[in-house]
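The values are calculated or read from the model by the stated rules, or taken from the named source; none is laboratory data. The shown structure was predicted, so the numbers you read here are calculated from the model rather than taken from an experiment. Positions of Cβ are backbone-derived with ideal geometry, glycine not excepted, and every protein chain shown enters the neighbour counts. When the accessible area is computed, the model is the full protein with side chains, heavy atoms only, and any ligands, DNA or RNA have been set aside. Shrake-Rupley method; radii C 1.70, N 1.55, O 1.52, S 1.80 Å.
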Amino acid sequence: MKRKILSGYLVFEILPPFFFGLLAFTFVLLIARILKLVELVVTRGVPLLQIGKLFSLILPTFLELTVPMAFLLAILLGLGRLSSDQELLAMKGSGISPAQILWPIALFALGVAVTTLFLTTFARPAANFALKKELYNIAKSRVGTALKEKVFNDDFPKILIYTEEIIPPGNTAQGVLIVDKRDPVRQDVILGKVALITTDDETNTLGLRLFDGSIYETEKNRPGFSQTRFNIYDFKLDLDDLIGPVKRKEAGPKEMSLRHLIRTIREKRNQGTMVTPEIMEFHQRISFSFAPIVFCLLGVSLTLLPRSARANRSWGFMLCLFWLLTYYAFLSLGKALGDKGVLHPIPALWLPNYVVGGIAIHFFSKALRESPLAFQAKLETAVVWAGQCLDRLKRKG
């Protein structure tokens, strides 16, 4: 009964900071995407319902990252609060060992690891594939969203399109310049003050009806150019040149389901073709799901280590950011080494778990021996001294 009470107390202590960290980290990573989605609503007239669908399809990719990050922050803040209030010291004094404190957090970490595994192996690949299809549908129904103003759009082969301004909802453009290089012996430069953008589903073409402009035609074998003025000019483009490759493109490793990914690896091995991207993706999904377990041991060890000063929330945030940066730095290093063939994909993708997990085991062994980290003690003293200096400066100010 006492063990159940202790387990419940420790788990409920880290739940609030876990949800806080999940919301905070997800929001920070989503800011850039949210701004792009808002731009689609304001300047392109994409319905809010469709924007909501895009947002839900983007979310699993970020949750895959933020769930383990929030878990580490929850341990450092939740157990850090117990440590600063001397509750962990009281637990140790009453005979509760570090292993007994670790056990309920480890069970919670196992649940977080299973959630991360579901996100990496099922939710994220399915969402990425659905997102690609949804973007294709948006591009086809609202092709004006594919043309960006004040930049040279080269999405169509051998055609360059520049628009000074696209008027919402995206079917009218002003200040249009088109460079047509589809003819090998001739190049046309078309200028128009205004253009209406239309699509024809029967012929699957994109139409630009330009008003009040000129056509400048040059040929390779002839010097100079010829100019033709027009009041109305219809310029047709094959829509498949823009969105067809997206539709026809097979799912990449990141969009493949786990079963499809394993089948692709087996088929490529039988054919004798390079299978590195698929193996890298497979082991990244599996290895990243172990990050919560590594973070569990690391976070509990850091809070159980003897301290020379009382920890606070800012110290917990600093520790969290430092170890997250360390983990993802080794993950990026492993990916780079694996992509270049320096390391086999298995040690390359499991590198951050090996390194950070080894450090966490070392920290936990020191916590069992009640042996403080010399570097951490000095750093904590420096942080406390800096805080005292700031307080004095504020009082003087």
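Which condition number does HIS283 fail, the rest of (1) open to solvent by 20 Å² or more (accessible area, probe 1.4 Å); (2) at pLDDT below 80 being met?
(2)
What are the pairs with Cβ atoms under 8 angstrom where one residue, in segment 219-233, is touching a residue at least 12 places away in the same chain (Cβ under 8 Å) and the other, located anywhere, is open to solvent by less than 100 Å² (accessible area, probe 1.4 Å) and outside any strand (DSSP E or B)? Sequence gap at least six, or different chains.
GLU219/VAL185; LYS220/VAL185; ASN221/VAL185
Given the condition at pLDDT below 90, of a type in the set (S, T, N, Q) and open to solvent by less than 40 Å² (accessible area, probe 1.4 Å), answer yes or no: does some residue in segment 129-147 qualify?
So far as segment 129-147 goes, yes, one or more of its residues are at pLDDT below 90, of a type in the set (S, T, N, Q) and open to solvent by less than 40 Å² (accessible area, probe 1.4 Å).
May I ask you to list pairs of residues, at least six apart or on different chains, whose Cβ atoms are under 7 Å apart, with the first in segment 346-375 being closer than 28 Å to VAL275 by Cα and the second being outside any helix (DSSP H, G or I) and not acidic (Asp, Glu)?
What qualifies is ASN353/PHE290.
Only one of these conditions is not met by VAL11: (1) assigned to a helix (DSSP H, G or I); (2) modelled with pLDDT under 90; (3) open to solvent by less than 20 Å² (accessible area, probe 1.4 Å). Which number is it?
Condition not satisfied by VAL11: (3).
For a quick check of your reading: which helices (runs of 4 or more DSSP H) sit entirely within segment 282-373 and have at least 2 residues that are among the charged types (D, E, K, R)? First the steps, then the outcome.
Working: elements: 291-304, 313-339, 345-349, 351-368.
Fully inside segment 282-373 and qualifying: 313-339.
Of the residues PHE62, PHE71, PHE27, PHE19, only one is at pLDDT 90 or above, in a helix (DSSP H, G or I) and farther than 28 Å from GLU281 by Cβ; which?
Answer to the check: PHE19.
Kindly indicate whether GLN100 is surrounded by fewer than 19 Cβ atoms within 10 Å (Cβ to Cβ), part of a helix (DSSP H, G or I) and modelled with pLDDT under 90.
It is true that GLN100 is surrounded by fewer than 19 Cβ atoms within 10 Å (Cβ to Cβ), part of a helix (DSSP H, G or I) and modelled with pLDDT under 90.
What are the pairs, 6+ residues apart or on separate chains, where a residue within segment 269-280 that is closer than 13 Å to GLY338 by Cα and surrounded by fewer than 10 Cβ atoms within 10 Å (Cβ to Cβ) has its Cβ under 7 Å from a residue that is of a type in the set (Gly, Ala, Ser) and modelled with pLDDT under 85?
none
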